[in-house]
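Shown next, in structure tokens, is the structure this report addresses.
The values are calculated or read from the model by the stated rules, or taken from the named source; none is laboratory data. Note that the structure is a prediction, hence the values are computed from the model and not measured. Glycine also receives a Cβ, built like all others from the backbone with ideal geometry; neighbour counts cover every protein chain displayed.
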Amino acid sequence: MELPMDITQFYDIRFLIELGVFALFAVIIIGLSILTVYSRNIVHSAFYLLGSFAAVAGLYVSLNATFVGVAQVLVYIGAVGVLILFAIMLTRRTIMEESHG
Amino acid sequence: MVLSTIVEPITDFVAQEPKIAGLIIGLIAAAIISSVTNVGAMGIVWLERKVLGDMTNRFGPSRVGTRWGILQLVADAIKLFTKEDSIPRGADKPVYVWAPIVACMTTMLVAAVLPWGALNIGGVVYPLVAVNMDISAFFVEAALSLMAIAAFMAGWGSNNKYSMLGAFRGIARMISYEVPMGICVISVAVMAHSLNIVEIVEAQSIWYIIAQPLGFVIFMIALITDLGRVPFDQSEAEEEIIAGYVTEYGGIRWGLLYFQEYITMLLGSVLLVHLYLGGWNGPTIPVITILSPMIWFLMKVILVLVFLIWVRGSLIRFRIDQVTDLGWKWLLPLSLVNLVWAVAIGMYFA
């Protein structure tokens, strides 16, 4: 099958940029979610989860929903994420190896 | 004549290619903001050493540079840059390395939406702001809440129990004071009918320190706590936990974390001035009309900075349980009272 030489004659260039940005965020979200589940270190899992939250916020902003994006950062990264990290911090002794200091 | 030959091609280009021009202007604004915040933080470090020295009957820096030790900061920066960059054995390497970067990213996010003064050109006041968002006050709150994550990353990545305790205290302090701080911002937004900081400043025909004195006090206390300065610096209490979450850092990584604290101090003062002290509002100064809003803005910011240093020089450190008690049992209810007050006053005068 032969690809069309100039793809912009079928699609608007702005549509392609939007599609590219969406695909970028989607790949980041899916990749970080998989890492969250499969990571052996629970703290790294939490950071991957925070990264995927941030990518979701980016997705909202790219959809022209700035307020929802900023609310996502405030609620999910600033509050839920910190809560998760706080809970992990209270369970430190069982998961941290050979602390020096 | 010379000016028009420079200006005309630029205006033509902006008219022809608005998006590329916007991108270029954004990049220039980013460069300007990062230099303004860093130079400002250097100035604050010098000011703090000098004022604290005066308060404790010392001279402060007095030798390096021509006078008053002005080049002391440059000497310190060269020392930090040339120090060995060591990562402790047993540290969680990626987390340890990323912590100062995340800390600097949060400060730059805040700096992008804050107005950095204004210019009065022909009777119209133009605010100097890189990104004029509709919800900039809300955005600032969201970005400030990310600071706790940088503190956690530094404390965890170091793999040291003192760092961990410092991060623990730091996060407990930050989350208990972000709630009253956010409610204070909401009160200001209710009174100004806007979440845009530029519009909040323009709405302050009466400064909000007069309209909401309680909110000002709460915001000031919450700000000092968020900055982690005396009397709320439990996260780096040197007698108990060495230096908190910066214990294991050295060289330029420590320098970044240290500088980020001072940049946050500058940003917090600017935010306080915009929300409660009327930003760049003030009577026009006759001869230098263009710079008059800028001068008012800088005078207020320096006043707030000197006040913060004064507080540091006068008070002693609280215990961490006293700090969280104050946050949840006093400031949170009082900030709700202030919100009710703001709504009532806003309804009455609207």
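Of note:
- Scanning the range B:97-117 for residues that are more than 11 Å from every other protein chain (Cβ to nearest Cβ), under 15 Å from the mean Cα position of the chain (by Cα) and part of a helix (DSSP H, G or I) yields B:103, B:104, B:107, B:108, B:110, B:111, B:112.
- The lone exception for residue B:4 - which of (1) touching a His at 6+ places or on another chain (Cβ under 8 Å); (2) exposed (fewer than 12 other Cβ atoms within 10 Å of the Cβ) it fails: (1)
- Scanning the range B:127-163 for residues that are within 15 Å of residue B:95 (Cβ to Cβ), assigned to a helix (DSSP H, G or I), in contact with an Asp or Glu (Cβ under 8 Å, 6 or more places away or on another chain) and more than 7 Å from chain A (Cβ to nearest Cβ) returns B:157, B:163.
- Lone unmet requirement of (1) in a helix (DSSP H, G or I); (2) closer than 28 Å to residue B:144 by Cβ; (3) not acidic (Asp, Glu) for residue B:91: (1)
- Residue list for the range B:153-210, filter: among the acidic types (Asp, Glu) and under 18 Å from the mean Cα position of the chain (by Cα): B:178
- Within the range B:38-64, residues that are surrounded by fewer than 18 Cβ atoms within 10 Å (Cβ to Cβ) reach partners that are assigned to a loop (DSSP other than H, G, I, E, B) and of a type in the set (Phe, Trp, Tyr) with beta carbons closer than 8 Å, at six or more positions or on different chains, in the pairs B:53/B:59; B:62/B:68.
- Any pair with Cβ under 6 angstrom, 6 or more apart, that starts in the range B:23-35 at a residue that is in contact (Cβ under 8 Å) with a residue 40 or more places away in the chain and ends at one that is of a type in the set (Lys, Arg) and surrounded by 13 or more Cβ atoms within 10 Å (Cβ to Cβ): none
- Among the residues of the range B:28-71, the ones that are at pLDDT 85 or above and of a type in the set (Phe, Trp, Tyr) come to 1 in all.
- Meets criteria (away from chain A (no Cβ under 14 Å) and either at pLDDT 90 or above or more than 30 Å from residue B:164 (Cβ to Cβ) (or both)) for residue B:120: yes
- Test: residue in the range B:239-261 that is among the hydroxyl-bearing types (Ser, Thr, Tyr) and under 15 Å from the mean Cα position of the chain (by Cα): yes
- Residue in the range B:178-185 that is surrounded by fewer than 22 Cβ atoms within 10 Å (Cβ to Cβ), within 11 Å of chain A (Cβ to nearest Cβ) and in a helix (DSSP H, G or I) present: yes
- The helices (runs of 4 or more DSSP H) found wholly in the range B:1-83 and carrying at least 1 residues that are closer than 21 Å to residue B:303 by Cβ occupy B:18-55.
- Looking only at residues in the range A:65-87 that are more than 16 Å from residue B:175 (Cα to Cα) and crowded, with 16+ Cβ neighbours inside 10 Å, the one that is nearest to the other protein chains (Cβ to nearest Cβ) is A:70.
- Residues of the range A:13-27 include none that is within 14 Å of another protein chain (Cβ to nearest Cβ), over 20 Å from residue B:170 (Cα atoms) and either in contact with a Gly (Cβ under 9 Å, 6 or more places away or on another chain) or at pLDDT 85 or above (or both).
- The set of residues in the range B:193-212 being crowded, with 20+ Cβ neighbours inside 10 Å, of a type outside the set (A, V, I, L, M, F, W, C) and assigned to a helix (DSSP H, G or I) consists of B:208 alone.
- Filter result for residue B:190 (surrounded by fewer than 23 Cβ atoms within 10 Å (Cβ to Cβ) and among the hydrophobic types (A, V, I, L, M, F, W, C)): yes
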